[in-house]
Every structure is written in C-alpha cells, then in structure tokens.
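Everything on this sheet refers to the single structure shown next.
Readers should treat all values here as calculations from the given coordinates under stated rules, not as data from a laboratory. For clarity, every value in this text was computed on a predicted model and none was experimentally measured. Here the Cβ positions follow ideal geometry from the backbone for every residue, glycine too, while neighbour counts run over all protein chains shown.
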Amino acid sequence: MIRFSIIIISYNSERHIKKCLDSILKQDFFGYEIILVDNASGDRTREIINEYKTRIRIKNNDENTGFPEAVNIGIAMSGGEYILTLNPDVILSGNFLSEASKRINKLDKKVGMLGVKMLRTDSENIIDSTGLILTKSFRFFDRGSGEKDSGQYDKDVAILGPCAAAGIYKRDMLEDIKTAGGYFDKDFFYLIEDFDIALRAGRKGWKALYLPEAVCYHLRNGSDMNNEYRQYLSFRNRYFLMIKNIKIDARFLFYFAVYDIPRLFFMFLKNKYTAKALKETWRSLPGLLKKRKYIINDIQKDI
C-alpha cells in the first residue's frame, strides 16, 4: 500500500531540486511514491530531474499552470492514502515520513490535514511554519514564522491547516471537498491556496493537526520571485480568499474599514501591480461568488 504520494511542483528549480529529491530517497520509510510536475522550467530543472526518471514519475507541463493546478495534476496521477505537497526548496529530515506515518496510525478519522515543523535552511533554528493562522482581521500568517525554535511548538495541537510547502492531506478529505475546478483552486495560481483548502475543509467538519515530530527545512521563495510581484499575488489572493470563504457581517465590515482601506492606499503608493490586482479581482468576481454559493450556502456552516 502507498501511504504517501509526494507531489513536488518545480519551476526553474535547478538550484534546489536535487537536494529535495535526495532527501526523499534517503527516508527510512518506503511506502511512498514521488510525482514531480514541472511547470515549464526554462533552466536545467528538467535535465536534472531526468536523472531520477527510474525512481520518480514526471509530468512536464507545456506552460506554467501555477502551483494549485499543478498539484491537481499530480493528485490525479497519484494513488497514495495521503498527499504530501512539497516545494522543490524543501529538504526532509531522514525520519520525516516514518514519524508522520506513526502519528497517522493514531489519528481520529476526521483529521484530514497535517502540518509539520518547517525550519529555515538558511538560518539556524529559525522557524518557517508550524501551521497556518488566520487572524480576526482576516490576515494570514505562518505560525511561529521567524521565531527561534526553542521547543515552544513541540506539542501536538489543532491548527487551521498546513502550509502547502510541506502539507499532508488525506485523500478522503480532498475527495470530499473537491469541486468542478479540482482540489486546489487554480485561480490563486500561487500563494494562499493552502488557506483556501483549510477553510473549505474546516467548514465540512475536517480537522487539522500539527505534528512536531515531522521536521523539514524550507528555503522560502526558492523560485526567486521578486517581492513586489509576490506582494501583488498575496494582496489579490487575500481578496479571492475572503470573497469565497468569509461571512460578511459587522465584524468583517469593521476590520475591512480599519485595515483594508488604509492598506489599499498604501498599496497604490508602493506597488505598481495594485490596479492589476483589483482588476483581476473584479473580473474574477462572478466565478468567486459562484464558488462562494456552493461553499457557504450549500454546506451551511460559516467560519
């Protein structure tokens, strides 16, 4: 039986992909398969992954479909009980899969998502993520990000969901929340799609748990996307997330007035892509509202 289908999405990842793949192949656990979906890399990524073609399954896309759609392609090719989404700049500790598998054997059947301890590869003992946080003002963060790891996150706790750079998802849960557009929403393209999955799953009664025993190391932004473009995607995708998933009430309106309106002025001053983000949000609104109708009205359970 395949316990883990490890789905790696690469894009111009020549500097990282070999270390990532080698860390998987050195695991002390063998019930896994590796599926690598390359999003039309223009560097040596494909040349490097071709060296592993007898040990992994490769899907070469003709264009950059974005992270969510590439993950959907990988899931469709997979057969594991759990899906491990993995960025190409992540390195797994040698017992990552065995530790995760041990905990899975003891899980409640409604636990559909597992977060792991992600440390940064370029800073000693600095936390990258121990799960996702959505604040009262609908801002999103990685729990513990930037903190020194002193064992403060070494307890199993409930979380909103895992960071998809190294997120574990139960196949049964993914099938339960799947829509006509797939498991992950391709409209996000890159960033915040993991919050969307977590909110949708939580609304249907699925739980997420943090597993501190499973440790990996993440470079973060290994794709070298410039900060301005990354900020634009975060800005736009946050609105995608809220339109799809968040209940519009007095609390929402209060925080929108306090946080979002001032931030909008800031974005216009600091980021040349702000108008583009707003145009794309407006253009996507009919589709987002259609998805919202299914998510909120049909399931009848608000966050």
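With the highest mean first, a sort of the peptides 196-205, 27-36, 172-181 on other beta-carbon atoms found within 10 angstrom per residue produces 196-205, 27-36, 172-181. Close amide-amide hydrogen proximity is noted between Ile126 and Arg120, Asp149, each under 5 Å apart and 5 or more residues distant or on a separate chain (H modeled in the peptide plane; Pro and chain starts excluded).
Across region 190-195, coupling constants 3J(HN,Hα) worked out from phi with the 6.51/-1.76/1.60 Karplus curve, θ = phi - 60°, read 6, 5, 6, 4, 6, 5 Hz, and Gly and Pro carry x. Extents of the chain, taken as max minus min of Cα coordinates on every principal axis and listed largest first, are 52, 43, 41 Å.
Packing here is the average count of other Cβ atoms within 10 Å per residue, and on that basis the peptides 107-120, 258-271, highest first, run 107-120, 258-271.
Measure nothing fancy, just the Cα-based angle from helix 274-292's long axis to the longest principal axis of the chain, in degrees from 0 to 90, nearest 10. It works out to around 80 degrees.
Compute for region 1-145: radius of gyration divided by Kirkwood radius, i.e. Rg/Rh, restricted to C-alpha atoms, rounded to two decimals. That ratio equals 0.97.
Annotation: amide H of Lys59 within the under-5 Å range of Leu36, Val37, Asp38, sequence separation 5 or more or interchain, hydrogens built in the peptide plane.
The distance from the alpha carbon centre of region 254-298 to that of region 46-108 is 31 Å, rounded to a whole number.
Taken over region 227-298, lysine pairs spaced eight or more positions apart, or on distinct chains, with alpha carbons under 28 Å apart number 19. Residue-wise HN-Hα couplings along region 230-245, as the Karplus relation 6.51 cos²θ - 1.76 cosθ + 1.60 with θ = phi - 60° gives them from phi, are 5, 5, 4, 5, 5, 4, 5, 5, 5, 5, 4, 4, 5, 4, 6, 10 Hz; Gly and Pro carry x. Converting phi to 3J(HN,Hα) with the Karplus coefficients 6.51, -1.76 and 1.60 and the offset θ = phi - 60°, region 111-126 yields 7, x, 9, 10, x, 10, 7, 9, 9, 7, 6, 9, 9, 5, 6, 9 Hz in sequence order, with x at every glycine or proline. Net charge within 14 Å of Ile48 by Cβ-Cβ distance, Lys/Arg positive one each and Asp/Glu negative one each, not counting Ile48 itself? The answer is 0.
When you work out D = kT/(6 pi eta Rh) for region 227-298 at 25 °C and 0.890 mPa s, using the Kirkwood radius from C-alpha pairs as Rh and the Stokes-Einstein form, the result is 188 µm²/s.
Report summary: the helix-based calculation at 222 nm, which adds -39500 (n - 2.57) for every DSSP H run with n ≥ 4 and divides by the residues of the chain, gives -10500 deg cm²/dmol.
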